[in-house]
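S.K.: Pasting a structure below so you can have a look.
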Amino acid sequence: MDKRQTMLNDFDHLQDQASDILTQLAALKVQVTTLSEENAELTVENQHLRELLGEDNGSDEAKRLSKSLQNLERLYEAGFHVCREFYGQRREEHDSCAFCLELIYGERERASKAS
Amino acid sequence: MKFTVNRQSFIKKLNDVSRAISTKTTIPILTGLKLVVTDNEITFTGSDTDISIETTLRANDDNAELTVEEPGNIVLPARFFSEIVKRLPEATMTIAVKEGFQANITSGAAAFTINGLDANNYPHLPEIESNDEVTLAGDVFRDIINTTVIAVSNQESRPILTGVHFTLAGDEFTAVATDSHRLSQRKVTLPNPASETHDVIIPGKSLVELSRMIGEEQQDVKMRLAENQVLFMLGDTAFYSRLLEGNYPDTSRLIPSESETTMEISAPALLAAIERASLLSHESRNNVVKLTLSDTATDATATIFGNSPDVGAVEENLSTLALDGNDLEISFNPDYLKDALRSFGQSQIKLSFTSALRPFTLVPSEDGENFIQLITPVRTF
């Protein structure tokens, strides 16, 4: 009888511990989300500040792009399609998209040809 | 229904039709093979709703040794039926259907009785009334399919890209396929201009089956188009495929018109080098190889570089036939280049690059107009 009682007590104890861990995990997850949001905001902020300072950033190719195309390029680099066909869908890792590339880098060529 | 036939001739037709019959279908009767027997021919039909194949065995074909005692029709379970027919002992066999859709198959001492279904319940094949017909040489058409179908997407989330886009205007027949990572386009000039212009998207899977059926026999393929179906006629065999609905993206704008750097090389040599480089890149998380081109006053070199942090690295200098233009460093998925290179066979090819961020193209050195493969690079910095 005693043995069974101890076992039940142990189970109660374990259950408490598990639920504690769960609460901690949830709290940590919230913290991580907050941090990554803050990080993203700061990255954008940093980029704006650098632009204000007139500092050079981005690739050689990017330098020749208009502001709106630079925004699209950033979205593309962040892993999203910017092309008409799949706009807003997530790009699979390390897979490039010919439609997006045409939109970002191709347009410029046509515009410069027209002028 | 009762007939006697040469088994080999029958099996040949059976194999053709079996390509269309799938065991995984939502309509049970489609797991069956439909046989329609008239006084002087047997018509075989198989379908999985996407593709349907119909072929005829005629009594006036001497090899068929076909004698029909009584016309009729039946649907037989394709998998069992073809296994049975292939294992029968004698060179000829007799199939008789008496009542209740039970078929008696006899050959020599062996006799099978298998349960069939009422042929009247079998779905009707699409009717294609269009008289506008395009005739293509079998080997040319098979080549068009095999060189473009490599670039179709296998992702069902982009249904329209799982097909090959065919356009026909006058005597110009164009096939293009892309999965957005690479593109393959093939143009053929027809001997006789078509009277109407056509614009259709044929599922890649149907085309793969069709190209297997064209086989080595270089017979002509006749193509007829209707609203949502396409029909290919190969001799006595009719191949129907559903068309994909929707608008294919405009692909002409994807192909760069100018280039900064060009390289000429023999396709098999580059293929072998890429295969070596990809041995290691496959191990790495991002499957890319890097191509470095430099054209200085004294020396022009092209180097392939593959790297996998866990395993090691590979570097190889390519022996190019020609190399001009700006220096360039470009990374890409070697599997796409491998697929593209295989479609060029033994020929010499010309690669044209614009920048490290823009797609590059491969064309045969001799004929850069009618066949083009395009590959998008991967950004690695």
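The values are calculated or read from the model by the stated rules, or taken from the named source; none is laboratory data. Everything numeric here is computed off the predicted structure, so don't read it as measured data. Using ideal geometry, Cβ is built from the backbone for each residue, glycine included, and neighbour counts are taken over all protein chains shown. When the accessible area is computed, the model is the full protein with side chains, heavy atoms only, and any ligands, DNA or RNA have been set aside. Shrake-Rupley method; radii C 1.70, N 1.55, O 1.52, S 1.80 Å.
S.K.: Given the condition open to solvent by 40 Å² or more (accessible area, probe 1.4 Å), of a type outside the set (Phe, Trp, Tyr) and within 30 Å of residue B:141 (Cα to Cα), answer yes or no: does some residue in region B:293-314 qualify?
M.R.: no
S.K.: May I ask you to verify whether residue B:320 is at pLDDT below 90, under 15 Å from residue B:351 (Cα atoms) and part of a loop (DSSP other than H, G, I, E, B)? Steps first, answer last, please.
M.R.: Working: at pLDDT below 90: yes; under 15 Å from residue B:351 (Cα atoms): yes; part of a loop (DSSP other than H, G, I, E, B): yes.
So residue B:320 fits the description; yes.
S.K.: Of all residues in region B:85-96, count the ones that are out of contact with any helix residue (DSSP H, G or I) (no Cβ under 7 Å at 6 or more places or on another chain) and open to solvent by 20 Å² or more (accessible area, probe 1.4 Å).
M.R.: Start the filter on region B:85-96 by keeping residues that are out of contact with any helix residue (DSSP H, G or I) (no Cβ under 7 Å at 6 or more places or on another chain), which leaves B:87, B:89-90, B:94-96.
Subsequent filtering for residues that are open to solvent by 20 Å² or more (accessible area, probe 1.4 Å) retains B:87, B:89-90, B:94.
The number of residues fulfilling the criteria is 4.
S.K.: Keeping to region B:332-373, report how many residues are within 14 Å of another protein chain (Cβ to nearest Cβ), assigned to a helix (DSSP H, G or I) and of a type in the set (D, E, K, R).
M.R.: Residues that pass the stated criteria total 1.
S.K.: If you don't mind, there's one more thing I want to ask. Residues in region B:120-142 that are more than 15 Å from residue B:173 (Cα to Cα), open to solvent by less than 40 Å² (accessible area, probe 1.4 Å) and modelled with pLDDT under 90: how many?
M.R.: The number of residues fulfilling the criteria is 4.
S.K.: Give, as residue ranges, the helices (runs of 4 or more DSSP H) completely inside region A:48-115 that count at least 3 residues that are modelled with pLDDT of 75 or more.
M.R.: A:67-77, A:98-101
S.K.: If you don't mind, another one. Among the numbered criteria (1) at pLDDT 90 or above; (2) closer than 20 Å to residue B:260 by Cα, which single criterion is violated by residue B:302?
M.R.: (1)
S.K.: Does region B:297-317 contain at least one residue that is within 14 Å of chain A (Cβ to nearest Cβ) and under 26 Å from residue B:368 (Cα atoms)?
M.R.: Looking through region B:297-317, none of the residues is within 14 Å of chain A (Cβ to nearest Cβ) and under 26 Å from residue B:368 (Cα atoms).
S.K.: Any residue in region B:47-58 that's over 26 Å from residue B:159 (Cα atoms): show its pairings with residues that are modelled with pLDDT under 95 and of a type in the set (Gly, Ala, Ser) at Cβ separation under 6 Å, as long as the two are six or more apart or on different chains.
M.R.: B:54/B:238; B:57/B:64
S.K.: Out of all the residues in region B:148-166, which are within 13 Å of chain A (Cβ to nearest Cβ), crowded, with 18+ Cβ neighbours inside 10 Å and either out of contact with any strand residue (DSSP E or B) (no Cβ under 6 Å at 6 or more places or on another chain) or among the polar types (S, T, N, Q) (or both)?
M.R.: B:153, B:161 - these are the residues of region B:148-166 that are within 13 Å of chain A (Cβ to nearest Cβ), crowded, with 18+ Cβ neighbours inside 10 Å and either out of contact with any strand residue (DSSP E or B) (no Cβ under 6 Å at 6 or more places or on another chain) or among the polar types (S, T, N, Q) (or both).
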